[in-house]
Each structure stands twice: as C-alpha cells, then as structure tokens.
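Participant: Sharing a structure below in structure tokens format, with a few things to ask.
The values are calculated or read from the model by the stated rules, or taken from the named source; none is laboratory data. Please read these numbers as outputs of a predicted model, since none were measured by experiment. Counting neighbours? That spans all protein chains shown, and the Cβs are built from the backbone with ideal geometry, glycine included. Accessible surface areas use protein heavy atoms only, side chains included; no ligands, DNA or RNA. Shrake-Rupley method; radii C 1.70, N 1.55, O 1.52, S 1.80 Å.
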Amino acid sequence: MTKHKIDNKTPHIAKHLLGDVICWWSGGVTSAVACKIAIDIYGIERCKLIMIDTNNEDDDTYRFKADCEKWYGKEIETITYIGEKYISIQDVWRKHLSLNVATGAICSSILKRKCREDWQKTAIYDFQVFGFEFEKKEFNRAFGMKTNHPKAKAIYPLLMYGYDKKKCIEIVEDAEIEIPKMYQLGFQNNNCFKTGCVQGGIGYWQKMKREFPDKFYAMAEMEHELTDESGEPKTMLKDQSKEAKESFNELVFLVKHPDYPNLKSIDEMPDCKVEPLFDCNGLCGINDFDRNKTENEINYQGSLFYNIP
C-alpha cells in the first residue's frame, strides 16, 4: 500500500486517511447490507459501526446483530438515550403527550434522530452511511437529508449499487444469516416490535390486532391514556377517505374512545395490506422525503410547532 507523508501542507490528505466512516446499523436488512458495502469500500479499520438502541426492539434483533458482527468481523457499538433522559419508549410518549409530531414519530425523533445528532456534535468523521434502499421514496428521502442536514455528510451505498430490500434479503441469506423475525412474519421493517411501530400504518396495525393482540391492546390503551391526559385525541392513524376529510373526522383510534364517538376505530377501516414505510435509523422525519401511501395514513396533526429539547 502506498504511504502518504502527512504534514501541515496537506491537511486534506490527513483528514481523508484518519476520518471515520460512521455506519448506522438500525436492525434491518438494508442497513446491514449498507454497512457491509461500506466495510468493503473503505476498509474495516476505518468503519465505525453503531446501533442506536431504543430498548424497544424484538429480542431477535439482537440475535441478528450478533450474526452481523460475525459477518463484518467487527463489533457494532451501541448508543442510547434510554437510562439517561428517558426510562423507556413509553416514557417518551407520556412526557411529551404525543405519538407522532410534524417531523415524524416522537419516539424516533428523540430516541434515534436527536440521539444521533447529539452524538454527531463531538464526533470526527468523513461520512455517515445510511441504508436507504433503491426505491423512489428513498431517493427523495436522501435528497431531503442532503439538503436539510449537510453536517451529516451522508452517503447511501444501496442507492449507488441499486439494491432494494429484496436484494438485501438475498445478500443476507447468501451470507447464511437468518433475516430478522419481523420480515419472516410478513412485516416490511424491523422497528420497535416490543410495542409495535407508531408509524406502521393501518395495514400494519390490522395485522398486529390479528396476530399480536396483546401488543395491539397495549398501544390502544396508550392512545386513550395520552388522549385523556392531553384533552385532545392522540392517535397514530387517520382516515384518508373523502367523507372523513369533509367532516373533519380523519383521526382513527385503534379502539373506539367513548369521548370521541365521531372518530372511527381501526375496525371501521377497510382491510389494508402491510405497506412499507421505512426502517427507522438515525434520521427519521416526514420532512425528509415525499409522502407515500403509508405515511398519508399516519396522524401528524396538532404538532406543527413541536420543539425537541
């Protein structure tokens, strides 16, 4: 390997040689493959692999993490806000009396995005790797991130290689690694399975009610608790029908709330497929990409001026 002489006349070379490449491992197959590509391109010594842990992931995510560490030949470090500012994801919802805000899910905005941004303030790096897959909505998301968050110095290996989620699953399986359980169960991401994902959409929560009623009813109770405490409806979902929009009754509870009889429950919604939104990672918010079908089903109303401390 050619060795470069480092002196004060060539600081750009020194930065290129010494700067870390931060690879965000989110627990999904797309971030897993993006991290592997980064290692192959930049070298294992230069890549720093990090997971932002919400303490709300399915136990199988940590099995997948261990398998990926063997695949990479390097440990995936963990950073978290749990235990420092919040004791649980439920603590986030209760302290902010919110499930979703104008910039995305409150839990993701704080436990993942804010955690990553605070970590970023003291880090030295040349790039940050994100597992945005080869899909139109992810190109839009990447464009928004580059535009709105230039300090991230974000790069997207899957967009460069043209790898979508299906291809990433093939790559993971070719490495003889079992994909996360949530994919096997028919979900499109591997986010927050202990409670269920607040940005899952109508089809997602219909499936949760059928197959994991304990998680469904626990989240329904959380919606009612936050609603009662705040004095206004706090739901994850909304009805996109013309009738609902015209009557200003778009919000949808998982379970009917007695104080809001005009608002539907999920049982009153037509059956939907489990549509993908995205794998949550260190940057998550609706302002970073164009809205898609699943996102249009999510309730972001009433929090347009929310400020994350």
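Participant: Give the residues of region 64-78 that are in contact with a helix residue (DSSP H, G or I) (Cβ under 8 Å, 6 or more places away or on another chain) and open to solvent by less than 40 Å² (accessible area, probe 1.4 Å), sorted by residue number.
Facilitator: Across region 64-78, the qualifying residues are Phe64, Cys68, Tyr72, Ile76.
Participant: With at negative phi, within 24 Å of the chain's Cα centre (by Cα) and of a type in the set (S, T, N, Q) as the only criterion, which of Thr235, Thr227 stands out?
Facilitator: Within the list Thr235, Thr227, the selection yields Thr235.
Participant: Next up: Which one is most open to solvent (accessible area, probe 1.4 Å) among residues in region 135-185 that are in contact (Cβ under 8 Å) with a residue 40 or more places away in the chain and of a type in the set (Asp, Glu)?
Facilitator: Glu178
Participant: Quick one: count up the residues across region 167-202 that are within 18 Å of the chain's Cα centre (by Cα), of a type outside the set (A, V, I, L, M, F, W, C) and part of a helix (DSSP H, G or I).
Facilitator: Summing the residues that are within 18 Å of the chain's Cα centre (by Cα), of a type outside the set (A, V, I, L, M, F, W, C) and part of a helix (DSSP H, G or I) in region 167-202 gives 2.
Participant: Step by step: first the residues of region 251-266, then only those that are of a type outside the set (Val, Ile, Thr) and within 16 Å of Tyr204 (Cβ to Cβ), then the one that is surrounded by the most Cβ atoms within 10 Å (Cβ to Cβ). Which residue is that?
Facilitator: Leu254
Participant: Here's something else I'd like to know. Taking Thr227, is it over 30 Å from Trp71 (Cβ atoms), assigned to a helix (DSSP H, G or I), open to solvent by less than 20 Å² (accessible area, probe 1.4 Å) and of a type in the set (Ser, Thr, Tyr)?
Facilitator: For Thr227, the condition - over 30 Å from Trp71 (Cβ atoms), assigned to a helix (DSSP H, G or I), open to solvent by less than 20 Å² (accessible area, probe 1.4 Å) and of a type in the set (Ser, Thr, Tyr) - is met.
Participant: Also: So which residues in region 63-107 are touching a residue at least 40 places away in the same chain (Cβ under 8 Å) and in a loop (DSSP other than H, G, I, E, B)?
Facilitator: Correct list: Ile76, Leu97, Ser98, Leu99, Ala102, Thr103.
Participant: Being outside any strand (DSSP E or B), in contact with a helix residue (DSSP H, G or I) (Cβ under 8 Å, 6 or more places away or on another chain), modelled with pLDDT of 95 or more and surrounded by 21 or more Cβ atoms within 10 Å (Cβ to Cβ): is that true of Cys23 here?
Facilitator: The answer is no for Cys23.
Participant: Looking at (1) open to solvent by 30 Å² or more (accessible area, probe 1.4 Å); (2) of a type outside the set (Gly, Ala, Ser); (3) within 21 Å of Val101 (Cα to Cα), which is the only condition Val198 fails?
Facilitator: All conditions pass for Val198, except number (1).
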